[in-house]
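**Student:** Before I ask anything, let me first share the structure, which is written out below as structure tokens.
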Amino acid sequence: MNTSSEPGLDRLDPGLSAITSERRQLIGVAYRLLGSLADAEDVVQETYARWYAMSREQQEEINHPIAWLTKVASRICLDLLGSARARRERYVGEWIPEPLPGRSEWISERSGDTTADPADRVTLDESVNMAFLVVLDSMTPAQRVAFILHDVFRYPFADIAEIVGRTPAACRQLASSARRRLHTSQTPASPAAQRAGIVRDFKQAWEAKDIDALIGLLAPDATAIGDGGGLVSAEPRPVEGGEQIARYLVDLAGRVPDMTIQERTVNAQTGLTAQQDGVIVAVFAFDVAGDRITRIWAVRNPEKLRPWTAPTA
């Protein structure tokens, strides 16, 4: 596949051209750190720009280009995370991480790499689901960087220390506290096939406007959160309670009769999209515990839906 989108690629020698194949990992690191695919791609672009800004001699002095690229990308992400809280305070309504399309729709089209070993696939499944990202977003920037780089990408704490500007022991504590926060906030995951079946049943009940079936699929204390970013209408506050959510969804289906619901992969799990006039206007991610849906995240902000609405190459 043509990778000329990376500046200066033609002047790379065979030994260094391998760095372009790591774009997938760099985007994966940045997305997990930032919760935004658009921001992740900007970070990777800036990282490569810094590489190509160096002279050939400076490049050759770097023994491990991939490690250098990851370190630079992580530092850029750390800076962005530091200013994220101020941006969130200005955000209109609830903020939800940018939903991620299925692997074939974002990684292969951007990197030309359609292969993935089993370890990579497990990592993708476990560390980009929406519930995971929402908890990550509650962490400090240093906690998030230490945890993602160590627990997900297996970087040693000595390397992480250089990125966050702390000792390896301090980074170990950061990752440990992040791990505890994840364990206490997440419910045991239901098997993938069971989750998919529940979301499928939810879709059918919603399409049928079957309020009783929807209530049966939702936990009594379920929560639904909408993110419109002030650009489109969305509930300003979460909808609490399974019955309230069911009634809201049935009312929505009645008010938008031309809406089409489709099953899609959202953040490596079964989710749904809503279309109007053939355009995706909302993406839904779900958290499932046992045989009930406990949380629904509905992203309507069109800026966060660009990976879903852009024409494929």
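The values are calculated or read from the model by the stated rules, or taken from the named source; none is laboratory data. Quick caveat: nothing in here was measured; it's all calculated off a predicted structure. Reconstructed Cβ throughout: ideal geometry from the backbone, glycine too, with neighbour counts over all protein chains shown. Note: areas computed on protein heavy atoms with side chains; ligands, DNA, RNA excluded. Shrake-Rupley method; radii C 1.70, N 1.55, O 1.52, S 1.80 Å.
**Student:** Does ILE148 fit the bill of being touching a residue at least 24 places away in the same chain (Cβ under 8 Å), under 23 Å from GLY290 (Cβ atoms) and part of a helix (DSSP H, G or I)?
**Tutor:** Judged against the criteria, ILE148 is not a match.
**Student:** Output the residue which, of all residues in region 87-117 that are among the small types (Gly, Ala, Ser) and modelled with pLDDT under 75, is surrounded by the fewest Cβ atoms within 10 Å (Cβ to Cβ).
**Tutor:** Within region 87-117, the match that is surrounded by the fewest Cβ atoms within 10 Å (Cβ to Cβ) is SER104.
**Student:** Which one is nearest to GLY216 (Cα to Cα) among residues in region 249-298 that are in contact with a helix residue (DSSP H, G or I) (Cβ under 9 Å, 6 or more places away or on another chain) and among the charged types (D, E, K, R)?
**Tutor:** So the residue we want is ARG292.
**Student:** What are the residue pairs meeting all of these: first residue in region 167-179, first residue touching a residue at least 12 places away in the same chain (Cβ under 8 Å) and under 11 Å from ALA142 (Cα atoms), second residue open to solvent by 30 Å² or more (accessible area, probe 1.4 Å) and not small (Gly, Ala, Ser), Cβ atoms under 7 Å, and 6 or more apart or on different chains?
**Tutor:** Once the first residue is touching a residue at least 12 places away in the same chain (Cβ under 8 Å) and under 11 Å from ALA142 (Cα atoms) and sits in region 167-179, its partners that are open to solvent by 30 Å² or more (accessible area, probe 1.4 Å) and not small (Gly, Ala, Ser) give ALA175/HIS150; ALA175/ASP151.
**Student:** Does region 226-243 hold any residues that are β-branched (Val, Ile, Thr) and over 17 Å from PHE286 (Cβ atoms), and which are they?
**Tutor:** VAL232
**Student:** Would it be correct to say that ALA192 is in contact (Cβ under 8 Å) with a residue 24 or more places away in the chain and farther than 18 Å from LEU81 by Cα?
**Tutor:** yes
**Student:** With the condition kept exactly as written, say whether any residue in region 53-68 is outside any helix (DSSP H, G or I), without any contact (Cβ under 8 Å) to a residue 40 or more places away in the chain and either surrounded by 14 or more Cβ atoms within 10 Å (Cβ to Cβ) or aromatic (Phe, Trp, Tyr) (or both).
**Tutor:** yes
**Student:** Further, regarding this structure: Hey, which of the strands (runs of 3 or more DSSP E) in region 205-308, taking only ones fully inside, have at least 1 residues that are β-branched (Val, Ile, Thr), touching an Asp or Glu at 6+ places or on another chain (Cβ under 7 Å) and open to solvent by less than 50 Å² (accessible area, probe 1.4 Å)?
**Tutor:** Answer list for region 205-308: 218-227, 260-266, 269-276, 292-299.
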